[in-house]
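Down below is the structure, laid out as structure tokens.
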Amino acid sequence: MTKAKLEAEKIGPFRVAPRIRDGAHTGAWIVDVPPHLSPNGKRARHTLTTKAEALADAKRLLRELQLDGALSGRGFARKVSGVTLTEVSKRWLEEQADRVATGKKRQSSLDADGFKLKAILGKFPETDVSSIGAKEMADYQKHRVEVGCVAATINAETSLFLQVLRWAQDKGLVEKLPKVERIPMPVKRVDVPTPEEMSRILDALGEQRALLVRFLAETGVRKTEAYTLEWLDLDTTNQLVSIRRKDGFTPKTRHSDRDIPISASLCEGLSAAKQAARAKAVKAGETPPALIFPGRFGGKLVNIRRALASAVKKAEVKRNGQPLKLSPHVLRKAMATWLHVRGVPDALLQPRLGHAPGSRVTKSVYVKVTTEDMRASVIDLEAERRARMSAAGAAKTA
């Protein structure tokens, strides 16, 4: 074969060249695939028998690349950052850790972000961050569906994925953010107990847990706010509970810092619990606990779902023949619903919940329409007809 026929050719970013071994042409031809276009982020070579086959393979790869670029919205001649998603994620987490240290973000949120990133990096460990487009994001969603993840989990991971990519874009590593469609989530039905049902549930709980559950239901605080509440946060004179930033606890938002009025009877119950806890500690020669609702061994509570489920079952509170699903968050929604039914305006309800003024979340997520409310709004046309006929008959008799 002549020297001219052995010359390499470029087909877009792909190079077609003779396969040389020990200084001689082996007769085969190769197609060089650059690292940033290879699925594993490493240089790849396709070996073919003839130059014609190699050129055809390079043209096929070019067409696929152009199609992928058009579909992903990245274009063909995109910038390559040379930085992997793993490296970007590490730097992003370091920056988020600084935000936690300065009180701008909660540690629990950072922990959750790290857990989500593990799943994302499992799919894109060595992928160049600039090569991630809409197609790759859709492939990730498909992968998570196939392994059995629910829509809410996948959407949360996708949202974090975009957040990291947006950070990379701010650093000049990504030119354009991909557009991603969220996976539709089924509407989750949440039933809240009535005040009468709640009183039965409280009767089914032990004294210590009943006080905590009553506190959650009457104040509507988040469970982390209740679990980290200290006696210093209780003002028995003015019957107020203060939700404030403290060591080991950062409020969810700036609107979460608030003072919540409590009922006189709840204040009395908390005062009695404080005296009992102090007397028990003195008798045992220990330091009185700082937490209002400590765990079994004096530390922070973790979960009371099991105690709630047992009390609901014992109180026989059911929905559609099944025990009512009750959690601290449902108690928060129950309080919002009860106050809404009583006619409490959003301007008073939102500060109690720690929501921003004018937030749409209060009514769209927290206030629930109860079966009793819907029953009161039932239209009975037959009853209307009977009333009309009765009135007409009475008029004729008269």
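Bear in mind that the values in this text are calculations on the coordinates, not laboratory data. Keep in mind it's a predicted model, so treat the numbers as computed, not measured. Neighbour counts run over all protein chains shown; Cβ positions are idealised from the backbone, glycine included.
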Across all Cα atoms of the chain, Rg and the largest Cα-Cα distance (Dmax), in Å, are 32.1, 121
Distance in nm between residue 9 and residue 176 label points, each 7 Å along Cα→Cβ, equals 3.0
Length gained, residue 56-residue 284, 0.36 nm per residue minus C-alpha separation, equals 73.6 nm
If 92, 231 are placed from fewest to most neighbouring beta carbons inside 10 Å, the sequence is 231, 92
Pseudo-spin-label distance residue 188 to residue 361, built 7 Å along Cα→Cβ, given in nm, is 1.4
Asserting the computed 222 nm helical MRE of the chain (DSSP H runs at least 4 long, -39500 (n - 2.57) per run, divided by residue count, to nearest 500) equals -15500 deg cm²/dmol
Sorted on mean Cβ neighbours within 10 Å (highest first), peptides 284-291, 209-216, 355-362 come out as 209-216, 355-362, 284-291
Using alpha-carbon coordinates alone, the radius of gyration and Dmax of the stretch 157-208 in Å work out to 22.8, 60
Quick calc, the chain, dipole around Cα centre from Cβ unit charges on Lys, Arg (+) and Asp, Glu (-), nearest 20 debye, gives 460
What the 5 Å binned alpha carbon P(r) of the stretch 195-375 shows, as percent of pairs per bin from 0, is 1, 7, 15, 20, 20, 17, 11, 5, 2, 1, 0, 0
Rounded to one decimal in nm, the spacing of the 7 Å Cα→Cβ label points at residue 163 and residue 123 is 1.7
Set 171/246; 280/314; 123/188; 105/325; 188/333; 118/333, cut-off 23 Å on Cα-Cα distance; pairs above it are 171/246; 280/314; 123/188; 105/325; 118/333
Taking a straight Cα-to-Cα line shorter than 30 Å from residue 51, and setting aside same-chain lysines fewer than 8 residues away, one finds 3, 5, 10, 42, 59, 79
With a ≥ b ≥ c from the Cα gyration tensor eigenvalues, square-rooted, and the rule rounded for a/c under 1.5, otherwise prolate when a/b > b/c and oblate otherwise, the stretch 85-170 is oblate
